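**Q** Just dropping this structure here.
The values are calculated or read from the model by the stated rules, or taken from the named source; none is laboratory data. Because the structure is a prediction, the values reported are computed rather than measured. Ideal geometry is used to build each Cβ from the backbone, glycine not excepted, and the neighbour counts take in all protein chains shown.
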Amino acid sequence: MKRRHPKNPWISNTVTARLLIFMTRHRLPIVSRLFMYYLGCDIGLALPKTVFLPHPLGIVIHSGTRIGDNVVIGHQVTLGGRDLSGAAPQVEEGAYIGAGAKILGGVRIGRGATVGANAVVTKDVPAGTTVVAANRILTKPSPYALD
């Protein structure tokens, strides 16, 4: 039985996404690299079992990134460093990261926050809010805000 997102029942992991999560957790020497190369991904950490990857293509994640439970990561997302400091993003529980979003540097994405498609985030995002474009935080609460 497929596991579904607690706020949006239409979000679940495909077989490819479940296999990618398995590969990041177990690191089979050659097989993992070939599979990630095939998907265009470069994921430097073991993804949590509870992460959702609806379209697991072109995802880049820094090895120092911390990801909470029930986080949705769209395709072509980058979670990485911004400079030579090595600081990496922290994504808290229930966050939604839209397709093509770039989250750079040691920023914190709050619990239940939404990062819009193609947004560039270089500043902290408070819990339950939505950020779009270049660090523009909207006052309207995120639909993924946890109760």
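**Q** Quick one: in the stretch 1-43, of everything that is assigned to a loop (DSSP other than H, G, I, E, B) and modelled with pLDDT of 90 or more, which residue is nearest to VAL72 (Cα to Cα)?
**A** CYS41
**Q** Here's something else I'd like to know. If THR130 satisfies every condition in (1) more than 15 Å from LYS7 (Cβ to Cβ); (2) touching a strand residue (DSSP E or B) at 6+ places or on another chain (Cβ under 9 Å); (3) surrounded by fewer than 24 Cβ atoms within 10 Å (Cβ to Cβ) but one, which is the exception?
**A** The number of the failed condition is (1).
**Q** Can you tell me which residues in the stretch 55-88 are polar (S, T, N, Q), touching a strand residue (DSSP E or B) at 6+ places or on another chain (Cβ under 8 Å) and more than 24 Å from ARG3 (Cβ to Cβ)?
**A** Correct list: THR78 only.
**Q** If a residue has to be in a loop (DSSP other than H, G, I, E, B), touching a strand residue (DSSP E or B) at 6+ places or on another chain (Cβ under 7 Å), farther than 18 Å from ASN70 by Cα and not polar (S, T, N, Q) to count, how many in the stretch 89-127 make the cut?
**A** Within the stretch 89-127, residues that are in a loop (DSSP other than H, G, I, E, B), touching a strand residue (DSSP E or B) at 6+ places or on another chain (Cβ under 7 Å), farther than 18 Å from ASN70 by Cα and not polar (S, T, N, Q) number 3.
**Q** Hey, another quick one. Output the qualifying pairs, or none if there are none: Cβ atoms under 8 angstrom, residues six or more apart or on different chains, first residue in the stretch 119-146 and in contact (Cβ under 8 Å) with a residue 12 or more places away in the chain and over 21 Å from PRO9 (Cα atoms), second residue part of a loop (DSSP other than H, G, I, E, B) and basic (Lys, Arg).
**A** Between residues of the stretch 119-146 that are in contact (Cβ under 8 Å) with a residue 12 or more places away in the chain and over 21 Å from PRO9 (Cα atoms) and residues that are part of a loop (DSSP other than H, G, I, E, B) and basic (Lys, Arg), the close pairs are THR122/ARG82; ALA127/ARG111; ASN135/LYS123.
**Q** Quick one: what pairs do we get from the stretch 55-80, first residue under 13 Å from LYS102 (Cα atoms), second assigned to a loop (DSSP other than H, G, I, E, B) and of a type in the set (S, T, N, Q), C-beta under 7 Å, 6+ apart or different chains?
**A** Close Cβ pairs satisfying both conditions: GLY58/GLN76; LEU79/THR65.
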